[in-house]
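The values are calculated or read from the model by the stated rules, or taken from the named source; none is laboratory data. Worth saying up front: this structure is predicted, and the values here are computed from it rather than measured. For neighbour counting, all protein chains shown are included, and Cβ atoms are generated from backbone atoms with ideal geometry for every residue, glycine included. Accessible surface is based on the protein model in full, side chains and every heavy atom, while ligands, DNA and RNA are left aside. Shrake-Rupley method; radii C 1.70, N 1.55, O 1.52, S 1.80 Å.
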Amino acid sequence: MVENELDPILALLDRTTRVAVLTGSGISAESGIPTFRGEHGLWKQFRAEELATPEAFERDPGLVWEWYDWRRGIIGRAEPNDGHRTIAAWQDTFSSFSLITQNIDGLHQRAGSRGPIELHGNIWKMRCLREGTVTECRDVPLPSLPPRCPTCGAMLRPHVVWFGEALDQDVLEGAFHRAAACDLMFVVGTSALVHPAASLPLAAAQAGAKIVEVNPDPTPLSRSADFVLRGKAGQTLPLLQRKIIDKWKS
Ligand code: BJW
């Protein structure tokens, strides 16, 4: 990415008060967390339909929990990177700011982001299959698999959204509301393949927002984005932030 590619975005930010960010697993790649697709993606080693579906869990909950336990280990050791930190800083940079994430790793919160919309749940939370109660548990590794509900003894499942499952209605409505209410949306580190998350930039654009994609590789969104920054989130976002601050100072 050439630095002056940021200039039109800086000009846009001069006239923009309402900013939204949609993130995907690519933002956590520089923290050492594998993405889902691509060369080193999680799906390369494990077939999605074997692990991230309600059917897979029904068939073999132990296997699915082993996968989550392994990922909890990786995520537990990971630290937020400069991409997460820049986005956290933006909530105090712009007068209206929303963060919507597909990630379940909680790294945005650890970087200081307050109240991101988590579309696909959170890996540190578990849900009781009998009572539906959600509890948080940060033990890594889990002492026994599959884990059991401490109150009723029923099996717990990860509090995440698998393929074929509906997203929480309030969460989804909140996300579409924020998308329709922004003037500029940054779409960072997502392949833009998985819906309904991938529809959020389209909804924002339809409501008049400009779309900036930040991704080292092309995605189906690239064609319709107003600006494409081909680079890693952990480098591109801090560079943009430095330019914003320099512009304010001058
Ligand atoms: C970097 C980088 C760096 C690398 N810096 N970038 C419309 C059309 C077609 C299909 C559907 C549709 N609507 C619904 C569907 C079906 C399905 C779907 O979308 N399928 C498509 C794959 C075809 N969707 C669903 O099933 C959803 N449910 C649903 O719609 O329910 C309807 C319903 C209603 C009523 C009753 C019942 C049902 C649910 C989707 C749930 C997705 N779940 C997962 C797992 C979450 C839990 C877990 O983590 O274990 O969510 S799947 C996985 O994909 C995960 C992610 O959040 C999601 C998106 O992936 P992401 O983040 O984009 O990662 P990658 O790997 O794909 O991309 C990484 C990107 O980063 C790449 O582009 C890199 O280049 C880039 N990158 N390094 C910046 N340093």
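Residues checked against (1) at pLDDT 95 or above; (2) within 16 Å of the ligand (Cβ to nearest atom):
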| site | (1), (2) |
| --- | --- |
| 104 | yes, yes |
| 107 | yes, yes |
| 110 | yes, no |
| 115 | no, no |
| 125 | yes, yes |
| 140 | yes, yes |
| 145 | yes, yes |
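Say we look at the stretch 224-242 and pick out the residues that are charged (D, E, K, R) and either in contact with a Lys or Arg (Cβ under 9 Å, 6 or more places away or on another chain) or free of Cβ contacts under 8 Å to residues at least 24 places away in the same chain (or both); which of these is surrounded by the most Cβ atoms within 10 Å (Cβ to Cβ)?
Filtering the stretch 224-242 for residues that are charged (D, E, K, R) and either in contact with a Lys or Arg (Cβ under 9 Å, 6 or more places away or on another chain) or free of Cβ contacts under 8 Å to residues at least 24 places away in the same chain (or both), the one surrounded by the most Cβ atoms within 10 Å (Cβ to Cβ) comes out as 226.
Identify, by number, the condition in (1) over 25 Å from residue 83 (Cβ atoms); (2) away from the ligand (no atom under 13 Å from the Cβ); (3) free of Cβ contacts under 8 Å to residues at least 60 places away in the same chain that residue 169 doesn't meet.
With respect to (1) over 25 Å from residue 83 (Cβ atoms); (2) away from the ligand (no atom under 13 Å from the Cβ); (3) free of Cβ contacts under 8 Å to residues at least 60 places away in the same chain, residue 169 is out only on (2).
Out of the stretch 16-47, which residues are open to solvent by 50 Å² or more (accessible area, probe 1.4 Å), at pLDDT below 95 and outside any helix (DSSP H, G or I)?
Within the stretch 16-47, 17, 36, 37, 39, 40, 46, 47 qualify.
In the stretch 145-166, what residues are open to solvent by less than 20 Å² (accessible area, probe 1.4 Å) and touching a residue at least 24 places away in the same chain (Cβ under 8 Å)?
147, 154, 156, 157, 158, 160, 162 - these are the residues of the stretch 145-166 that are open to solvent by less than 20 Å² (accessible area, probe 1.4 Å) and touching a residue at least 24 places away in the same chain (Cβ under 8 Å).
For the stretch 226-245, state whether one or more residues are touching a Gly at 6+ places or on another chain (Cβ under 9 Å) and either over 30 Å from residue 73 (Cβ atoms) or away from the ligand (no atom under 15 Å from the Cβ) (or both).
Yes, that holds for at least one residue.
Among (1) within 15 Å of the ligand (Cβ to nearest atom); (2) under 17 Å from residue 22 (Cβ atoms); (3) not in a helix (DSSP H, G or I), there is one condition residue 175 misses while meeting the rest; what is its number?
The failed condition is (3).
Within the stretch 75-99, take every residue that is farther than 22 Å from residue 184 by Cβ and under 16 Å from the mean Cα position of the chain (by Cα) and give me the one that is most open to solvent (accessible area, probe 1.4 Å).
The qualifying residue most open to solvent (accessible area, probe 1.4 Å) is 79.
Quick check on the stretch 178-223: of everything there that is in contact with a Ser or Thr (Cβ under 9 Å, 6 or more places away or on another chain) and assigned to a helix (DSSP H, G or I), which residue is surrounded by the fewest Cβ atoms within 10 Å (Cβ to Cβ)?
Going through the qualifying residues, I end up with 202.
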